[in-house]
Amino acid sequence: MKTRTYLMVGVCLAITCQVVAQGQTKKEYFIGERGKNEISIDGKLDEPVWQNATWQDDFTQYEPSEGKKPSQKTEFAILLDENHLYIGFKCWDSSPDSIVQRLTRRDEMDGDFVAVQFDSYFDKRTAFSFMANAAGIKNDFIISNDGENEDNTWDPIWMVKTSRDNKGWYSEMKIPLTQLRFKGDSEQTWGLQIGRMLFRKQEVSLWQASSKKTSGWVSQYGELRGLKNLKSRKVADFIPYVVARTDRFEKEEGNPFKQSGKKNQLDGGLDGKIGLTNNLTLDFTINPDFGQVEADPSQVNLTSFETFFQEKRPFFIEGKNILSFPLMFGDGDLASENLFYSRRIGRRPHNSPDLADDEYMKAPEFTSILGAAKVTGKTKSGWSLGLLESLTSEEYARISNGSERREMIEPFTNYTIGRVQKDFNKGNTLLGGIFTSVNRNLAEEQLNYLHKSAYSGGIDFIHKWHNKDWEFDFSTYFSRVEGSTEAIKNTQESWIHGFQRPDASYLKLDSSRTSLSGQGGKIVFGKYGGKLKFMAATAWKSPGLELNDVGYMRQADNILEVIWVGYRIFEPFSIFRNLNLNFNQWTEWNFGGELTGPGGYINAYTQLKNYWNFHWGVNINGEGLSSAELRGGPALKVTGTKNMWFAFGSNDQKRLTGEAQFMVLGGNENNSKKMFDCGISFGYRPSKNLKITLSPNFNKNNDEMQYVTQQDYSNKTDYIFARIHQRTLSASLRINYIITPNLSIQYWGQPFLASGKYTEFKRITNSRANKYTDRFALLGGNELVYNAAGEIYQVSDLTGNQLYTFDQPDFNFKEFLSNMVIRWEYLPGSTIYLVWSQNRNQSVANGSFHFRDDLNDLFNEKPYNVFLVKMSFRLGR
């Protein structure tokens, strides 16, 4: 089960659910009024109104020793005026020289910090969190589903200042009511939680006493009272921006698109946020620009699954949880499957035109987003709403061989996602639904292989009982895609579905279809309270389920059963601060009832009293069937594997920190598969405002059954596999220099080297044979001949007749990505970005791996540089 941290960002707590004991007495805080007294936000708390405020100091330790008295005293007070909330903190410290003040990027907490969280809906499920460390760095996020999710991409506009003296440190916050959502009642009660992190002891203390032994977080807050006559303070922000960009690249003779070696561009757009009601907000963007966003890390994908990329674009990550409809449960690869995958919007164009030898092409890397809008929030009657609408433009490739022509590579497309949820029974019961649609204007014939329209929808139901210790979770969903017979035939034959598989009697390929439908769902029953936790779950996806127009799904035709058991020791004992133990077992089948993948794991995580942490685990996968390994051919029986991993991390409080993880994997059949993976990360903080992190990773993979190609001849199909000797080395360098909380310089760079050498080519002879070596036959003698001049392999029968050829698959790929951003928030909500991005890459058809030579070759390549200036200005309240 995935661990989560809600009050402590960047602090690793080995727990599954953040919780508050049901037996604790609910505290109440009665808010004071600012009156006519002015408050200067300077972190000093020396105005008379603060002296007369109601200060509370009754805190209880949460980490590491739940229920004990904190080692240092903390006081807080809250004031209110017509437009703002004011929160003051007095963090007394008997060792003021030990207070840790660290400047970091926003939303990356480090050092001592304080937090206030408001459940302003008072729905006991949703909260708005505001945090500040001793250096004045902000961290803000929205908590949803009673603590199960958090969205730290939410960046409201608020003020905070801190100060310190020989008695401790102080924090003063000013939060506009426009940044919160609340009902319009004349008198209100909100949920409230206050917390403090004493960094040097990794000690968390809370105002409302909490426990880790029962589930729920927001539902167990204390109460903020005295909120009277709060008037609607609807946000109305308009942020126009302008971007000046210049590209510099190597000139290419004969290529009309690269003759000058440069390209200049001036662009602009508008972002906005409008409060429709106290509870509902409209966010919109017109002609958005994401030039300041880091590039995706390099990788080589040789599997049959699509690569999943994390969303990094601000418009789409803010509020993403409210539009989420997960297909599965847990973490890892399963957690990425969802009815809504925002990276589909503005994706790389689908079509790649064929070029003649004398032709050159210029095509956009990503589809332009004309505009997008979303409405999110919660109605007074308790309905959570999320609605997103986006339009992407048609895109063309310019192709030239003296004269120029255009070919459409992406059609005009409309995306719609709608999500609703309603909670009942004091937040213990939840009912929700989602609907998505994608509609494309397929104006040119070459795009008829795409779906003209795609629809999906689902409902979900969650019920919790016995103080939320127990939970039942059910969801079901459907899909329907429509298009030409070519488009629907391609969908049926894709690796995800495999309707044409000759060994799947329960599937039938219908080449006359113009639509395809499918369904799926999950049922989860679990106990998440107490030290002993467990979950039993099943999930299914029918063969016809197709979600990848606006969702993300790795594989259809799947039924999964999972049992998970976990045991938690929350309190320190012996040398340990805490301890997690986990056991997991799973079994997979296809819709034909065939066993496709049994497996299980055990793992343990602990943090020691010296603040080092250790993680260890063993994973076992049994022999199974893969319907995608032959890329549309019959299912292949795949050998089982065993792998073990070990990871550790040092004390984060030190200037020099380190982490390392090691993994070894072996196939159950002798010499069938071996893998070694090692990742190390070093962090160094020479001063409070500079942090340098270097994270190299090395992977060595030797797999006897790597797919190469498939070739048709004489009404037959050969599936060619080989042994691959693969090496991958990367190193991520990140430098954060925080000059002030509003001015920073951030750099990220990653060299990436990958090679693959193919040997021992073989054809699949009996994909389901019980004996491993009976599943294939090596291509030897005169059957396989390499043509070095053409870089192709020629395959012949035993009499010497050539049957077919295929390209030599060896590869050596090198890439360097870097991104440097200077960010200055010169006014609240108004920002200037100076950005320099660089890309170098080289690919050659050999499988050699020589670190020094490869690195030299990479940096001898001419770079592609992008320089841009982006300026935005906030107009609003």
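The values are calculated or read from the model by the stated rules, or taken from the named source; none is laboratory data. Since we're looking at a predicted model, the values are computed, not measured. Note that each Cβ is placed from the backbone with ideal geometry, even for glycine, and that neighbours are counted across all protein chains shown. Calculation scope for accessible area: heavy atoms of the full protein, side chains included, ligands and nucleic acids excluded. Shrake-Rupley method; radii C 1.70, N 1.55, O 1.52, S 1.80 Å.
For the condition without any contact (Cβ under 8 Å) to a residue 12 or more places away in the chain, farther than 30 Å from Met197 by Cβ and either open to solvent by 50 Å² or more (accessible area, probe 1.4 Å) or touching a His at 6+ places or on another chain (Cβ under 6 Å) (or both), what is the one hit in Lys716, Lys654, Lys674?
Lys716
In the range 227-247, which residues are crowded, with 18+ Cβ neighbours inside 10 Å and within 14 Å of Thr189 (Cα to Cα)?
Leu227, Leu230
Do any residues in the range 56-69 that are free of Cβ contacts under 8 Å to residues at least 40 places away in the same chain and at negative phi have Cβ atoms under 9 Å from those of residues that are open to solvent by less than 20 Å² (accessible area, probe 1.4 Å) and of a type in the set (S, T, N, Q), where the two are at least six apart or on different chains, and which pairs are they?
Asp57/Thr74; Lys68/Gln61; Lys69/Gln61; Lys69/Ser205
Do we have Leu509 as among the aliphatic types (A, V, I, L, M), farther than 19 Å from Phe325 by Cβ and open to solvent by 40 Å² or more (accessible area, probe 1.4 Å) here?
Working: among the aliphatic types (A, V, I, L, M): yes; farther than 19 Å from Phe325 by Cβ: yes; open to solvent by 40 Å² or more (accessible area, probe 1.4 Å): yes.
Criteria met by Leu509.
If we only count strands (runs of 3 or more DSSP E) wholly inside the range 701-802, which ones have 3 or more residues that are closer than 30 Å to Met820 by Cβ, in contact with a Phe, Trp or Tyr (Cβ under 8 Å, 6 or more places away or on another chain) and among the hydrophobic types (A, V, I, L, M, F, W, C)?
Strands (runs of 3 or more DSSP E) meeting the threshold: 716-740, 743-764.
Mind telling me which of the residues Ala769, Ala722, Ala777, Ala754 ends up being of a type in the set (Gly, Ala, Ser) and open to solvent by 20 Å² or more (accessible area, probe 1.4 Å)?
Ala777
Quick one: Asp557 ticks every box in (1) at positive phi; (2) open to solvent by 40 Å² or more (accessible area, probe 1.4 Å) bar one, so which box is it?
Failed condition: (2).
For Thr153, indicate whether it is part of a loop (DSSP other than H, G, I, E, B), under 24 Å from Asn742 (Cα atoms) and open to solvent by less than 20 Å² (accessible area, probe 1.4 Å).
Judged against the criteria, Thr153 is not a match.
Looking at the structure I just gave you, is Ser211 open to solvent by less than 30 Å² (accessible area, probe 1.4 Å) and at negative phi?
So Ser211 fits the description; yes.
Within the range 208-313, which strands (runs of 3 or more DSSP E) (wholly inside it) include 3 or more residues that are in contact with a Phe, Trp or Tyr (Cβ under 6 Å, 6 or more places away or on another chain)?
Filter on the range 208-313 gives 222-228.
Search the range 685-704 for residues that are free of Cβ contacts under 8 Å to residues at least 12 places away in the same chain and pair each with any residue that is outside any strand (DSSP E or B) and open to solvent by less than 40 Å² (accessible area, probe 1.4 Å) when their beta-carbon atoms are under 9 Å apart and the residues are at least 6 apart or on different chains.
Matching pairs, first to second residue: Ser687/Leu103.
Taking the residues in the range 433-447 that are over 18 Å from Ser342 (Cα atoms) and hydrophobic (A, V, I, L, M, F, W, C) as candidates, determine which candidate is modelled with the lowest pLDDT.
Ala443
Loosely packed, with under 14 Cβ neighbours inside 10 Å and under 26 Å from Lys700 (Cβ atoms): which single residue out of Asn841, Asn856 fits that description?
Going through Asn841, Asn856 in turn, just one is loosely packed, with under 14 Cβ neighbours inside 10 Å and under 26 Å from Lys700 (Cβ atoms): Asn856.
Could we say that Ser205 is open to solvent by less than 10 Å² (accessible area, probe 1.4 Å), touching a residue at least 40 places away in the same chain (Cβ under 8 Å), of a type in the set (Gly, Ala, Ser) and not in a strand (DSSP E or B) here?
no
Name the single residue that is farthest from the chain's Cα centre (by Cα) among those in the range 269-280 being open to solvent by less than 30 Å² (accessible area, probe 1.4 Å) and at pLDDT 90 or above.
Checked the range 269-280; the qualifying residue farthest from the chain's Cα centre (by Cα) is Gly269.
Which is over 27 Å from the mean Cα position of the chain (by Cα) and either without any contact (Cβ under 8 Å) to a residue 60 or more places away in the chain or open to solvent by less than 20 Å² (accessible area, probe 1.4 Å) (or both), of Arg405, Arg419?
Arg405
Determine which single condition Asn742 fails, assuming it passes every other condition in (1) at pLDDT 95 or above; (2) open to solvent by 50 Å² or more (accessible area, probe 1.4 Å).
All conditions are met except number (1).
Determine whether the range 301-323 contains at least one residue that is surrounded by fewer than 19 Cβ atoms within 10 Å (Cβ to Cβ), in contact with a strand residue (DSSP E or B) (Cβ under 7 Å, 6 or more places away or on another chain), hydrophobic (A, V, I, L, M, F, W, C) and touching a residue at least 12 places away in the same chain (Cβ under 8 Å).
Yes, the range 301-323 has at least one match.
Matching residues to (1) surrounded by 19 or more Cβ atoms within 10 Å (Cβ to Cβ); (2) under 30 Å from Lys533 (Cβ atoms); (3) not basic (Lys, Arg):
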residue	(1), (2), (3)
Lys468	yes, yes, no
Tyr477	yes, yes, yes
Gly483	yes, no, yes
Thr491	yes, no, yes
Asp503	no, no, yes
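Only residues that are surrounded by 19 or more Cβ atoms within 10 Å (Cβ to Cβ), part of a strand (DSSP E or B) and within 27 Å of the chain's Cα centre (by Cα): list them for the range 616-642, please.
Within the range 616-642, just Asn621 meets the criteria.
Give me the residue from the range 324-335 that is at pLDDT 85 or above and either touching a Ser or Thr at 6+ places or on another chain (Cβ under 9 Å) or over 29 Å from Asn287 (Cβ atoms) (or both) and, out of that set, surrounded by the most Cβ atoms within 10 Å (Cβ to Cβ). Can you show your working first?
Here is the first cut: in the range 324-335, the residues at pLDDT 85 or above are 324-329.
Next cut, either touching a Ser or Thr at 6+ places or on another chain (Cβ under 9 Å) or over 29 Å from Asn287 (Cβ atoms) (or both) only: 325-329.
Values: Phe325: 23, Pro326: 16, Leu327: 25, Met328: 23, Phe329: 22.
Within the range 324-335, the match that is surrounded by the most Cβ atoms within 10 Å (Cβ to Cβ) is Leu327.
Just to check your reading of the model, which residue among Val869, Val821 is surrounded by 16 or more Cβ atoms within 10 Å (Cβ to Cβ), touching a residue at least 40 places away in the same chain (Cβ under 8 Å), β-branched (Val, Ile, Thr) and within 27 Å of Gln746 (Cα to Cα)?
So the residue among Val869, Val821 that is surrounded by 16 or more Cβ atoms within 10 Å (Cβ to Cβ), touching a residue at least 40 places away in the same chain (Cβ under 8 Å), β-branched (Val, Ile, Thr) and within 27 Å of Gln746 (Cα to Cα) is Val821.
Restricting attention to the range 90-135, and to residues there that are open to solvent by 10 Å² or more (accessible area, probe 1.4 Å) and small (Gly, Ala, Ser), which single residue is nearest to Leu227 (Cα to Cα)?
In this case the residue turns out to be Ala135.
For Thr436, are the conditions met, namely being open to solvent by less than 10 Å² (accessible area, probe 1.4 Å) and free of Cβ contacts under 8 Å to residues at least 60 places away in the same chain?
No; evaluated as a whole, the condition is false for this residue.
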